[in-house]
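Q: Structure in structure tokens, see below.
The values are calculated or read from the model by the stated rules, or taken from the named source; none is laboratory data. Because the structure is predicted, anything quoted here is derived from the model rather than measured. Here Cβ is always computed from backbone atoms with ideal geometry, including for glycine, and neighbour counts include all displayed protein chains. Remember, those area values only see protein heavy atoms, side chains included, never the ligands or the DNA or RNA. Shrake-Rupley method; radii C 1.70, N 1.55, O 1.52, S 1.80 Å.
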Amino acid sequence: MVGPIAIVMSQRTPEEFKQTNPSAFESCRYLSKVAVERNIDLRWIFLDKTFHNGTFDSYWSFTNDGMVEKREPFAPALIVLRLRSELLDKEKRLNDTILSHVCRDKLKTYELFPDSVKKTLLLTPENVQHVKNLATDLIVVKPRYGLEGKNIHIVKKDDITEEFLKKFEEEEYIVQELIDSSKGIGTILKQRHELRVYIFNGRIQSGYLRVPAEGSYLSNISLGAKEKMIDLKDVPESAFDLIKKIDHHFTSIVPRMYCIDIMFEGEKPWIVELNDSPGFPDLGVGQFTIDWHDALLDLFSESVS
């Protein structure tokens, strides 16, 4: 038996998870089913505060009807985080603190890869005067530590004034030059896009495109973008050169699983962001999802065997 592997979810209860994201719920149920067939012990955690002195007080398991809680303390062989918490600093976890901090801090991503991320500034009164030096008339305003495409704004850089800043005082925001991806990516697509590629222990596991809704710049599925399955062999080689450059910074981190979001501006690929806790693929995606889950379980087996 491989495990136990604790997957710590962002929702407070399984019912909340099922109601707010039913497709992800079913995807996780499928992952658990395949894990059982492969003799891998997955345990789902919905309240990370139940972690004390290296032990979880209880966990949840999938059943035919939903999920059932088992009040059996256990020490995990591996922790997989789907949220930000004090568990970030624990040992035996998928990805380590360095990778997670780079993925979750968009300013840090820019500082680490300044030639591959569009120019980025922290949105502060001191930086208002520097916004005019950004190279694009339209710029992106988004939370420094944001997730799921929430609170992203495309505005004219002339709109960035000290009065404008008052709308964004509750959390840290960044301003960033806009990537013009309207010419598409290679021979695959001739419109705005975002390429998402999954990296499992340095291996390029899979990838697909997210295509914004008509008239939109935003590529998040929750904001109306559509998924487009592709063959990675059709992706321009420059994207793989960029991916190798990024992953080179994290080769000492094992196990690691994250994704890279890329947009092409003409022939040049740019990093949109890195994500160390991407969502589980929808079962409706078919073979892509099956292969993704198998690769994730392979990663778990490699990590704790």
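Q: Pick out the one residue from PHE250, PHE200, PHE288 that is more than 26 Å from SER23 (Cβ to Cβ) and among the aromatic types (Phe, Trp, Tyr).
A: On the way: PHE200 fails: more than 26 Å from SER23 (Cβ to Cβ); PHE288 fails: more than 26 Å from SER23 (Cβ to Cβ).
Going through PHE250, PHE200, PHE288 in turn, the sole match is PHE250.
Q: Another question, then. Any residue at all in the stretch 43-61 that is modelled with pLDDT under 95, open to solvent by less than 60 Å² (accessible area, probe 1.4 Å) and of a type in the set (A, V, I, L, M)?
A: Checking the stretch 43-61: at least one residue is modelled with pLDDT under 95, open to solvent by less than 60 Å² (accessible area, probe 1.4 Å) and of a type in the set (A, V, I, L, M).
Q: Take the residues in the stretch 129-166 that are touching a strand residue (DSSP E or B) at 6+ places or on another chain (Cβ under 9 Å) and among the basic types (Lys, Arg), then tell me which one is nearest to SER10 (Cα to Cα).
A: Selected residue: LYS150.
Q: Just a yes or no: is a residue in the stretch 272-282 touching a strand residue (DSSP E or B) at 6+ places or on another chain (Cβ under 8 Å), open to solvent by 20 Å² or more (accessible area, probe 1.4 Å), over 30 Å from SER32 (Cβ atoms) and in contact (Cβ under 8 Å) with a residue 24 or more places away in the chain?
A: Yes, the stretch 272-282 contains at least one residue that is touching a strand residue (DSSP E or B) at 6+ places or on another chain (Cβ under 8 Å), open to solvent by 20 Å² or more (accessible area, probe 1.4 Å), over 30 Å from SER32 (Cβ atoms) and in contact (Cβ under 8 Å) with a residue 24 or more places away in the chain.
Q: A further question follows. In the stretch 51-66, which residues are more than 14 Å from PRO14 (Cβ to Cβ) and outside any loop (DSSP other than H, G, I, E, B)?
A: Hits for the stretch 51-66 are PHE51, HIS52, THR55, PHE56.
Q: Take the residues in the stretch 130-146 that are in contact (Cβ under 8 Å) with a residue 24 or more places away in the chain and not in a strand (DSSP E or B), then tell me which one is surrounded by the most Cβ atoms within 10 Å (Cβ to Cβ). Full working, then the answer.
A: Just the residues of the stretch 130-146 that are in contact (Cβ under 8 Å) with a residue 24 or more places away in the chain, to begin with: 131-132, 134-136, 138-146.
When the remaining residues are screened for being not in a strand (DSSP E or B), the result is 131-132, 134-136, 144-146.
Working: VAL131: 18, LYS132: 9, LEU134: 20, ALA135: 10, THR136: 15, ARG144: 16, TYR145: 16, GLY146: 17.
Step by step, filter the stretch 130-146, then rank; the result is LEU134.
Q: Next question, about the same structure. Do we have ALA213 as surrounded by fewer than 20 Cβ atoms within 10 Å (Cβ to Cβ) and in contact (Cβ under 8 Å) with a residue 40 or more places away in the chain here? Steps first, please.
A: On the way: surrounded by fewer than 20 Cβ atoms within 10 Å (Cβ to Cβ): yes; in contact (Cβ under 8 Å) with a residue 40 or more places away in the chain: no.
For ALA213, the condition - surrounded by fewer than 20 Cβ atoms within 10 Å (Cβ to Cβ) and in contact (Cβ under 8 Å) with a residue 40 or more places away in the chain - is not met.
Q: For the stretch 89-118, enumerate the residues that are open to solvent by 90 Å² or more (accessible area, probe 1.4 Å) and not charged (D, E, K, R).
A: Residues satisfying the conditions are ILE98, HIS101.
Q: Which one of these does LEU121 not meet: (1) assigned to a loop (DSSP other than H, G, I, E, B); (2) surrounded by 13 or more Cβ atoms within 10 Å (Cβ to Cβ)?
A: (1)
Q: For ALA77, which of the numbered conditions (1) closer than 26 Å to PHE288 by Cα; (2) of a type in the set (A, V, I, L, M, F, W, C); (3) open to solvent by 10 Å² or more (accessible area, probe 1.4 Å); (4) at pLDDT below 95 fails to hold?
A: (1)
One line per residue, one yes/no per condition, for (1) within 16 Å of the chain's Cα centre (by Cα); (2) part of a helix (DSSP H, G or I); (3) over 22 Å from MET9 (Cβ atoms); (4) of a type in the set (Asp, Glu):
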site	(1), (2), (3), (4)
GLU227	yes, no, yes, yes
LYS244	no, yes, yes, no
PHE264	no, no, yes, no
GLY284	no, yes, no, no
ASP294	no, yes, no, yes
LEU299	no, yes, no, no
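Q: Just to be sure I understand the filter: pairs with C-beta atoms under 9 Å, separated by 6 or more residues or on different chains, first member in the stretch 180-207 and free of Cβ contacts under 8 Å to residues at least 24 places away in the same chain and open to solvent by 10 Å² or more (accessible area, probe 1.4 Å), second member part of a loop (DSSP other than H, G, I, E, B) and among the hydroxyl-bearing types (Ser, Thr, Tyr). Which pairs pass?
A: Note: pairs meeting the criteria are LYS190/SER182; GLN191/SER181; GLN191/SER182.
Q: Please give the number of the condition TYR258 fails out of (1) closer than 20 Å to PHE113 by Cβ; (2) among the aromatic types (Phe, Trp, Tyr); (3) not in a strand (DSSP E or B).
A: Unmet condition: (3).
Q: Name the residues in the stretch 4-42 that are open to solvent by 30 Å² or more (accessible area, probe 1.4 Å) and in contact with a strand residue (DSSP E or B) (Cβ under 6 Å, 6 or more places away or on another chain), would you?
A: ARG29, ASP41, listed by residue number.
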